[in-house]
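Structure record follows, encoded as structure tokens.
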Amino acid sequence: MLKKILIANRGEIAVRVIRACRELGVASLSLYQRPDERSLHVRLADECVPLESPAGFMDQDEILRLAVQAGADAIHPGYGFLAERADFIRACAAQGLTVIGGPAEAVALVADKVAALECAQAAGFATVPHSSKTFVEDEPALLRAEAERLGYPLKIKARHGGQGRGETLVNSPDQLERAVATAFAAAQAFYADRSVYLEKALPAAHTVSVPIAGDRFGRRVHLGERDHTLVLGNQQILVESAARQLSAEQRSQLWRTALDLASLFKVENLANAEFLLDGAGRAYFTEIKARLSIMHPATEALTRVDLVQQQILLAAGEPLSLSQEQVNLNGWAMTCRLTAEDPWQNFRPAPGQVQSVRWPQGPEVRVDSYVEAGGDVPSAYETLIAKLTTWAPDRPGCVARLRRALGELSLAGIASNLPLLQQISWDPGFADGSYTDDLLSQPFVRQPESDDQLRQLAAAAAVLYTLRRGQFQPCLPERLLSGWHRAGRSSG
């Protein structure tokens, strides 16, 4: 068994790993930079060491030096930063350190998303139509020709890194040039690699991932699926498990496909196979991530499997502790992402000091955070404040519990996207599960179709007020309320 784990990450995922270590009897070592001095992960760890390098968590050499110096025998990279860097895994192995994640060869293959798509396609799996060529510089003629071949709308995606920061949607040819420039800049800034490729965007689609756990002996199990269709600013805003739009047959087929892909890429530890589902329920493979997912709490709530403890045990060489028959997919779970972004200012980042916070409680409500009253959300990092997870025996119960939890949540001192999350939870399309990936591009509050729906929206309006800068103000920016206003209704 591992004895001491250095956590090469920060924020809520560092807190999550520390707690898993403590329950397993493994010592934890946190790293931090000055903006995080008062963060919870610094106070909870058995040891903490400052990172002096300006490169912070991306400085592989300093992290390796600190791990060896502290007598750690393993490193947990969380997600982001070094989690998908095969060269980091190899450097750790050279120092006798275990990285809690997949083997370098598998990580390298799946981290190159075009190579992974080509490999899957050659093996007979259905993939999203994409460009086989990657672009590292502006090649207008070739880009236009490839875009015309695929057809609009399409996405420009970074070749490396997770879905999100390196992705740009293009709806028409006149948007292509500017979108390419944006994609190049984002790929370079976030993944230190300008390489991008084109992928066909499927209208009214759902994005679904299947988490996989596997050991070094070739045994693998799936852990159900997550629907992470709701994305804002290329970041997952809310996921649910299971995916409501799948039939039992489609769900079983998706699980089998994910396991076959995991075998193809020889992934170990934890991985997530991602698919796009079109309106007919056909699944197309898009990418596979050989790491813990940021939205893993939804899967943990659904399965009651501690994924971080599983990661640690698998990295220590333990065989997988559960069979597929022992994976119990029970009820419904949702995880949403609370961020320091101001809805009144087009969701502009709003870091700062949290003056007070009241986290929701009650049955089957979970909060993952590093923030307490008086703590800081630093400007140097992502704007994530917390992840809120609810579980219930069925989807309607889970929606009701999510609404209740979001209504209890109170955060003062900084702006947040709490109003957006509240409004999503009350949206009729979300409530009945009929939403697709265009939900966040539409006016949220629609014209009530009946007196019953009008009463429901009035009840929502009673909840959707928040304390902001000492005064009560409507939670939603005018642009999100425009659908109701245009219908001639009053938001009061």
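The values are calculated or read from the model by the stated rules, or taken from the named source; none is laboratory data. All values derive from a computational prediction rather than experimental measurement. Counting neighbours? That spans all protein chains shown, and the Cβs are built from the backbone with ideal geometry, glycine included. For the accessible areas, the whole protein counts, side chains as well, though only heavy atoms, and no ligand, DNA or RNA atoms are used. Shrake-Rupley method; radii C 1.70, N 1.55, O 1.52, S 1.80 Å.
General remarks:
- If the condition is being under 19 Å from ARG216 (Cα atoms), modelled with pLDDT of 90 or more and open to solvent by less than 60 Å² (accessible area, probe 1.4 Å), then region 84-95 contributes ALA86, ILE89, CYS92.
- Flag set for GLY124, criterion: at pLDDT 85 or above and not aliphatic (A, V, I, L, M).
- Among residues of region 9-35, those that are more than 18 Å from TYR79 (Cβ to Cβ) and among the hydrophobic types (A, V, I, L, M, F, W, C), counted: 4
- So GLU325, is it farther than 18 Å from ASN269 by Cα, free of Cβ contacts under 8 Å to residues at least 12 places away in the same chain and either open to solvent by 10 Å² or more (accessible area, probe 1.4 Å) or out of contact with any Cys (no Cβ under 9 Å at 6 or more places or on another chain) (or both): yes
- Qualifying residue in region 284-291 (condition: open to solvent by 10 Å² or more (accessible area, probe 1.4 Å) and among the aliphatic types (A, V, I, L, M)): no
- Candidate set from region 1-35 (those that are basic (Lys, Arg) and not in a loop (DSSP other than H, G, I, E, B)); member that is surrounded by the most Cβ atoms within 10 Å (Cβ to Cβ): ARG16
One line per residue, one yes/no per condition, for (1) assigned to a loop (DSSP other than H, G, I, E, B); (2) touching a helix residue (DSSP H, G or I) at 6+ places or on another chain (Cβ under 7 Å); (3) closer than 14 Å to ALA386 by Cα:
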| site | (1), (2), (3) |
| --- | --- |
| GLN309 | no, yes, no |
| LEU313 | no, no, no |
| ARG337 | no, no, yes |
| VAL367 | no, no, yes |
| ALA373 | yes, no, yes |
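- Scan region 330-383 for residues that are under 25 Å from VAL231 (Cα atoms), out of contact with any Phe, Trp or Tyr (no Cβ under 7 Å at 6 or more places or on another chain), at pLDDT 95 or above and surrounded by fewer than 17 Cβ atoms within 10 Å (Cβ to Cβ) and the total you get is 0.
- Residue match in region 234-246 (condition: modelled with pLDDT of 95 or more, more than 11 Å from the chain's Cα centre (by Cα) and closer than 14 Å to VAL327 by Cα): no
- Of all residues in region 227-246, one or more are closer than 30 Å to ALA431 by Cβ, open to solvent by 10 Å² or more (accessible area, probe 1.4 Å) and of a type in the set (Gly, Ala, Ser).
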